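The values are calculated or read from the model by the stated rules, or taken from the named source; none is laboratory data. Small disclaimer: the values here were computed from a predicted structure and weren't measured. Using ideal geometry, Cβ is built from the backbone for each residue, glycine included, and neighbour counts are taken over all protein chains shown.
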Amino acid sequence: MMVAEPVEFASRIPVAVLAGDPLSRAGIVSQLRTGHGFTVVEDDDPPPGAVALIVSDELDDDVAARVRGLRARGVTRILVLVTRVDDRALLTAAEAGICGVVRRAEATAHNLALALRTAAAGEGTLPPDLLGRLLRQVGHLQRQVLSPRGLTLTGLTEREANVLRLLADGCDTTEVGRQLFYSERTVKNIIHDVTSRLELRNRTHAVAYAIREGLI
C-alpha cells in the first residue's frame, strides 16, 4: 500500500531511469513507454523537471552519492526502487534528499506510476512500515545526538531560531537583545555562529535561508 494518493497530470511526465542492470532498465523503460503519461528521457543528463528513478538492490552509499549528484544538478524529484531497505540506509537516503522509496516486490505498474506522479508533484511516497521506521530513526537522532548538544532537527538551537525570528520581524540587534534579555554582544555572537556554521554571508542571508528552508 502506498502512502500518497493519485495525482492527475495534464501533460506527460519526463522520467530518467538510472539502473546498473540493463535488463531492469529495459523492463522499466518498456513499462513506462507502454503506459500513459510518461516520457523516458536520457538518464545521463536528466533535465531539472524530470523525475529520476534510481534502481538498486539496496540504499547504499553509492545510491546516496548519486542522489546528491542529481540534486546538485537541479534534479530534485528522485524516487528509489530497491530490493532491501534497512533503518540506517533509510535515514541516509532521506538525508541525501530522495522523495520516495518503492520496494521491488511492491512495484506493480499501478504503484510505480502512482509513485512517479506523486514525485513529479513534489510530494513523497513511502510504504507505511518504512514511514514508521524512519520516524523512529528521526526520534532517536533527536534524543541521542541533537538534544544533548542543544540542537534540533532544523540544525538551529532554540535561541538561534528565536534570534532569527525577531530579525525576520524587522528588529535590530538591540531590540532582539531587549526582547530576549540578551546583551547586544550576545546577539551578535549568535548571529556570527549561525552564519559561520551554515556558511552564510551575513544576517540578511541567514534570515532568508532560515525562511526558505522552513527553519523559522
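Checking Leu18 against (1) part of a strand (DSSP E or B); (2) among the aliphatic types (A, V, I, L, M); (3) under 15 Å from Gly124 (Cβ atoms), which single condition isn't satisfied?
(3)
Kindly list the number of the only condition in (1) within 19 Å of the chain's Cα centre (by Cα); (2) closer than 20 Å to Leu130 by Cβ that fails for Ala65.
In the conditions (1) within 19 Å of the chain's Cα centre (by Cα); (2) closer than 20 Å to Leu130 by Cβ, Ala65 misses (2) alone.
Looking at region 87-114, which of its residues are loosely packed, with under 13 Cβ neighbours inside 10 Å and either of a type in the set (A, V, I, L, M, F, W, C) or part of a helix (DSSP H, G or I) (or both)?
Matches in region 87-114: Arg88, Glu95, Ala105, Ala109, His110.
Among the residues of region 156-211 satisfying the criterion of being among the acidic types (Asp, Glu) and not in a helix (DSSP H, G or I), which is surrounded by the most Cβ atoms within 10 Å (Cβ to Cβ)?
Looking at residues that are among the acidic types (Asp, Glu) and not in a helix (DSSP H, G or I), I get Asp172.
Could you please tell me which pairs satisfy a Cβ distance under 9 Å, a separation of 6+ or placement on different chains, a first residue in region 37-53 that is outside the structural domain of Leu79 (by TED's automatic domain parsing), and a second residue that is assigned to a loop (DSSP other than H, G, I, E, B) and surrounded by 22 or more Cβ atoms within 10 Å (Cβ to Cβ)?
Matching pairs, first to second residue: none at all.
Rundown of residues vs (1) in a loop (DSSP other than H, G, I, E, B); (2) crowded, with 19+ Cβ neighbours inside 10 Å; (3) not polar (S, T, N, Q), yes/no style:
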| site | (1), (2), (3) |
| --- | --- |
| Val29 | no, no, yes |
| Pro46 | yes, yes, yes |
| Ile54 | no, yes, yes |
| Arg71 | no, no, yes |
